[in-house]
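First the structure, in the form of structure tokens, and then the observations on it.
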Amino acid sequence: MKIAIETLIHEMEDRLGGYATLLVYRYANLCVKAQPMALLSAKIIDDEQGEMNIEHVAGVVMPDEYHLKLVPYDPRFNFPLCKAIAKEHPEFKQELVMPEDADDEKERYLILTMPEVNKDRRDALIDSVNVLFDGCKAKMDKTCAKYRLELEKKIITFPTDDERTEAKDALDSSIKNHQGIVDKVKEDKVKEIEEAYQRYLDEQTAQRNKADETAAARGEHAGRQMRVGATEE
């Protein structure tokens, strides 16, 4: 394939890849499971050093799928961290925790808990996923149309049908690949949301069952007391 066509396709791929990357970032900020990427937009304001990113003031780890642990490099950053994260993600539950074997408050770290996904939040998240996806696809479709037109202009001078077909097939294959990527990104996000919603439903069911068992146990205990009282009379 001619270098000019390869260059054109690579240029298109850079743009399509950028749209896909942006979609991944935006989905990460629709927080369901813990995503360190969701903290990238948080800015720490320090009197001495000005504005800083999270990675400049704290280490970030994932204890599990639904929590982030932020360990500040300097304890004075704890409250600026809380403030910065609350501004970007007010839905996160924040907790300053003291290590079990520590007695110095300077050793505290921050635990972020992802919000539960109830029915209302599930619906809102799905709506946001669809809106972001549609916006991404619209930009991709516009870009693909532009490069298809540019390809047609370039291949019009090609001497054979085989060369023209090869160029078109290469462009179409690249477009199909990138469309598949964003389709999978959306599919994975929807799956993540549905799994979190099912987790919420399971927890609600477990709580109700526990409450029913407790109520039944209390009723049985009360019944025994009444029978004992009746016997004593």
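Here are a few things to note about the model shown:
- Some residue of region 69-77 being hydroxyl-bearing (S, T, Y) and loosely packed, with under 15 Cβ neighbours inside 10 Å: yes
- Residue that is farthest from V129 (Cα to Cα) [pool: residues in region 28-48 that are modelled with pLDDT under 90 and outside any loop (DSSP other than H, G, I, E, B)]: D46
- Residue identified as loosely packed, with under 12 Cβ neighbours inside 10 Å, outside any loop (DSSP other than H, G, I, E, B) and among the charged types (D, E, K, R) among E51, E6: E51
The values are calculated or read from the model by the stated rules, or taken from the named source; none is laboratory data. None of the values given here were measured: they were computed from a predicted structure. Please note: Cβ atoms are built from the backbone with ideal geometry, for glycine as well, and neighbour counts cover all protein chains shown.
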